[in-house]
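Peer 1: Can you read through this structure? Questions will come right after.
The values are calculated or read from the model by the stated rules, or taken from the named source; none is laboratory data. Quick caveat, the model's predicted, so the values are computed rather than measured. Cβ sites come from the backbone with ideal geometry, for glycine too, and all protein chains shown count toward neighbours.
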Amino acid sequence: LAKTTQPISMDSYEGQEVNITCSHNNIATNDYITWYQQFPSQGPRFIIQGYKTKVTNEVASLFIPADRKSSTLSLPRVSLSDTAVYYCLVGDNYSGGYQKVTFGTGTKLQVIP
Amino acid sequence: GAGVSQSPSNKVTEKGKDVELRCDPISGHTALYWYRQSLGQGLEFLIYFQGNSAPDKSGLPSDRFSAERTGGSVSTLTIQRTQQEDSAVYLCASRWSHEQYFGPGTRLTVT
């Protein structure tokens, strides 16, 4: 399993763009990169997933360099409601076989008014 | 449509008692995970079910923990002779393609 490393915590003011970087040096060829968001007392929620280059959806962008050894989750113009823990997850590729995954400790984002 | 549901939402038990936690995944999802999350910590993988394949039990912390999935749908996580260190939120997720859908969790408190 690819091990992931991300900052433990980050602070940001409302309205700013937030970038959270995750390192995954031993990512495998078939691995995807997925980010989840977790609010207190709730289960994690899928945000975005990518394999390479850039992926964008209605809530975030995911930037993945060519070597895929890291990835950056970008949240545009954060609001107080974006205060949560963000997990980077590598693996979970659907090849029909079993897929054990490791979430890691996550990055606690605190948005400040 | 209905999401992943878990029951009970909260469970308080005495040390040494057995507990059963239930997970109802989204219909049609063949993959199901159990995780444990202690206060302020990340998610700890416990067990993984995929279709009719043998489950991956490598994350179960001791032989007091077991899980089964009947008919490829509902799953039950059983903890025997509970200990105080078992206190945590137990999360279940079912998966479609690359995305895991999580339930609200069961908060277990062992007194």
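Peer 1: Which condition breaks for residue A:81 when tested against (1) outside any loop (DSSP other than H, G, I, E, B); (2) more than 20 Å from residue A:105 (Cα to Cα); (3) modelled with pLDDT under 95?
Peer 2: (3)
Peer 1: Mind counting the residues in region A:1-56 that are away from every other protein chain (no Cβ under 12 Å) and not β-branched (Val, Ile, Thr)?
Peer 2: 20
Peer 1: With region B:67-111 as the region, which strands (runs of 3 or more DSSP E) entirely inside it contain at least 2 residues that are among the aliphatic types (A, V, I, L, M) and modelled with pLDDT of 95 or more?
Peer 2: Filter on region B:67-111 gives B:75-79, B:88-96, B:106-110.
Peer 1: Based on what the data block shows, is residue A:67 over 27 Å from residue B:35 (Cα atoms) and either out of contact with any Lys or Arg (no Cβ under 6 Å at 6 or more places or on another chain) or within 14 Å of chain B (Cβ to nearest Cβ) (or both)? Write out each step before concluding.
Peer 2: Working: over 27 Å from residue B:35 (Cα atoms): yes; either out of contact with any Lys or Arg (no Cβ under 6 Å at 6 or more places or on another chain) or within 14 Å of chain B (Cβ to nearest Cβ) (or both): yes.
Yes, satisfied.
Table: residues versus (1) part of a loop (DSSP other than H, G, I, E, B); (2) among the acidic types (Asp, Glu); (3) crowded, with 21+ Cβ neighbours inside 10 Å.
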residue: B:11; (1), (2), (3): no, no, no
residue: B:16; (1), (2), (3): yes, no, no
residue: B:22; (1), (2), (3): no, no, no
residue: B:29; (1), (2), (3): yes, no, no
residue: B:36; (1), (2), (3): no, no, yes
residue: B:41; (1), (2), (3): yes, no, no
residue: B:45; (1), (2), (3): no, no, no
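Peer 1: Those residues that are closer than 10 Å to residue B:74 by Cα and among the β-branched types (Val, Ile, Thr), I need them from region B:14-38; list them, please.
Peer 2: Answer for region B:14-38, where residues must be closer than 10 Å to residue B:74 by Cα and among the β-branched types (Val, Ile, Thr): just B:26.
Peer 1: Continuing with the same structure: Counting only residues that are of a type in the set (Gly, Ala, Ser), modelled with pLDDT of 95 or more and within 22 Å of residue B:82 (Cα to Cα), how many does region B:1-60 have?
Peer 2: Of the residues in region B:1-60, the ones of a type in the set (Gly, Ala, Ser) are B:1-3, B:5, B:7, B:9, B:16, B:27-28, B:31, B:38, B:40, B:42, B:51, B:53-54, B:58-59.
Now narrow it down to the ones that are modelled with pLDDT of 95 or more: B:5, B:7, B:9, B:16.
Retained after the next criterion (residues that are within 22 Å of residue B:82 (Cα to Cα)): B:7, B:9, B:16.
Qualifying residue count for the region: 3.
Peer 1: Give the residue, chosen from B:62, B:87, that is among the small types (Gly, Ala, Ser) and within 25 Å of residue A:41 (Cα to Cα).
Peer 2: On the way: B:62 fails: within 25 Å of residue A:41 (Cα to Cα).
After applying the criteria, what remains is B:87.
Peer 1: Being surrounded by 13 or more Cβ atoms within 10 Å (Cβ to Cβ), under 22 Å from residue A:112 (Cα atoms) and in contact with a Gly (Cβ under 9 Å, 6 or more places away or on another chain) is true for just one of A:32, A:36. Which residue is that? Write out each step before concluding.
Peer 2: Details: A:32 fails: under 22 Å from residue A:112 (Cα atoms).
On inspection, the qualifying residue turns out to be A:36.
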